[in-house]
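The values are calculated or read from the model by the stated rules, or taken from the named source; none is laboratory data. Computed from a predicted model, the values in this text were never measured in an experiment. A quick note on method: Cβ atoms are made from the backbone with ideal geometry, for glycine too, and the neighbour counts reach across all protein chains shown.
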Amino acid sequence: MALLTFGINHATAPIEIRERVSFGPEVLNDALSELTHKGGTREAAILSTCNRTEVYCSLDARNNQHPINWFSDYHGMRQAQLQPFLYTHADASAVKHILRVACGLDSMVLGEPQVLGQLKKAYQVAVEAGSIGQLLGRLFQHSFMVAKEIRSSTAIGNHPVSIAFAAVRLAQQIFGELSNQTALLIGAGETIELVAKHLQENKLSRMIIANRTIERSQHLANEFSAYAITLGDISRHLAEADIVISSTASPLPILGKGAVESAIKARKHRPVFMVDIAVPRDIEPEVGELDDVYLYTVDDLKEVIEDNMRSRRQAAQQAEEIIDTQVIHFMDWLNSLDAVATIRALREHAEQIQVQVVKEAIHKLKQGGDPEQVLQETSRVLSNKLLHLPSTQLRSASAEGRSDLLKAVNELYNLKIDPDKK
């Protein structure tokens, strides 16, 4: 076993356990140093997020320590406490696991792209800590390449699967580029914060954030370079908004048909995209009857999300097939490393014989030997010395009935054996 991955994630452990085994950014360097010096690994990287903590390592055969022992000791937990939540993957299974993580197939939200950035950060931290070598370096680069291939050749990332993302994607479908649009976000909770983040990532021109208290509006506005207002100010700014997304805890509607109708007239009937994520609803249903208004509710978005999840699941099947092929490619490379030491030793053996035979030939020439005779003798001696030990071993193998070794030599040298000369 050369490679090992182990850890816990959102599917195997509750948040109470995930909190206990997380690694903060401030301790990662020291943890990696300790793991590679005392934890039984030659190379190591640690991915620690709110949803998972995983260790990727190549094992040190000379060290009797096991990295899982180090992991439990580091976090002050008994292995019996940790074992029910822990998963481990070795060699090909470890390769497949990291490829699935990189592609978002092991995430809480299928196909989400954030984990790839987190994995790249974990790799960079390990590089800076000096805990990445040939094996993990190749494995991480391979996982990044496969994730890119899957993103470009499947539809796994093409469909929004969160309420916030779905709302922004619908806005893009209506307006195309958002760089000339203004958005009015009503509320200041987690969903509105995510909407603001997605809008900013899509280069929205201007953002207005309205909340019951100006302090909360201002807090979000500062984070996203937006303009903060209270709910009472909405009517004065509604006509500016091309996009309106609302998510409050209000028991009564915040936007009525009359207010929106007035805003549409002031906008000279330029279209408005509105999403009411709240339950109970923030926008009167009658608003959807107005011309030039595209009104969606949370139920509309859930239908979009469910359709998109079906599309992602189909794309995930394609991604799994790509990953299976790429695991084979990586393991072929890994297994080829076993031949490197043998090839090096074979070359060194041949070079030692060559040096010895050439040295003897030079001595004969200095003694006045005929160059043609010396050259022929050198060629014969070199062939005999190179083939003596293999020939002896092959005779022994034949006597012992080891046809596998004879067959291997035939394959290595592509020998054409004349049956009449057996």
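Tabulated values for the structure
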{"item": "Ser398 vs. criteria in a helix (DSSP H, G or I), free of Cβ contacts under 8 Å to residues at least 60 places away in the same chain and of a type outside the set (A, V, I, L, M, F, W, C)", "result": "yes"}
{"item": "Tabulated pairs, region 79-100, first of a type in the set (Lys, Arg), second in a helix (DSSP H, G or I) and crowded, with 17+ Cβ neighbours inside 10 Å, C-beta under 7 angstrom, 6+ apart or interchain", "result": "Lys96/Ile323; Lys96/Val327; Arg100/Ile323"}
{"item": "Residue within region 54-65 that is of a type in the set (Phe, Trp, Tyr) and at pLDDT 95 or above present", "result": "yes"}
{"item": "Strands (runs of 3 or more DSSP E) enclosed by region 175-253 - at least 2 residues per element that are within 18 Å of Tyr294 (Cα to Cα) and over 31 Å from the mean Cα position of the chain (by Cα)", "result": "182-186, 243-246"}
{"item": "Output for region 104-149, where each listed residue is surrounded by 19 or more Cβ atoms within 10 Å (Cβ to Cβ), modelled with pLDDT of 95 or more and over 22 Å from Leu28 (Cα atoms)", "result": "His142, Val146, Ala147"}
{"item": "Residue among Gly157, Gly111 that alone is in a loop (DSSP other than H, G, I, E, B) and in contact with a Pro (Cβ under 7 Å, 6 or more places away or on another chain)", "result": "Gly157"}
{"item": "Some residue of region 311-326 being surrounded by 12 or more Cβ atoms within 10 Å (Cβ to Cβ) and touching a Gly at 6+ places or on another chain (Cβ under 6 Å)", "result": "yes"}
{"item": "Flag if Arg151 is in a helix (DSSP H, G or I) and closer than 30 Å to Ser247 by Cα", "result": "no"}
{"item": "Residue check for His269: in the same structural domain as Glu190 (by TED's automatic domain parsing), assigned to a loop (DSSP other than H, G, I, E, B) and closer than 16 Å to Gln181 by Cα", "result": "yes"}
{"item": "Unique match (being within 30 Å of Leu386 (Cβ to Cβ) and within 40 Å of the chain's Cα centre (by Cα)) among Ala339, Ala319", "result": "Ala339"}
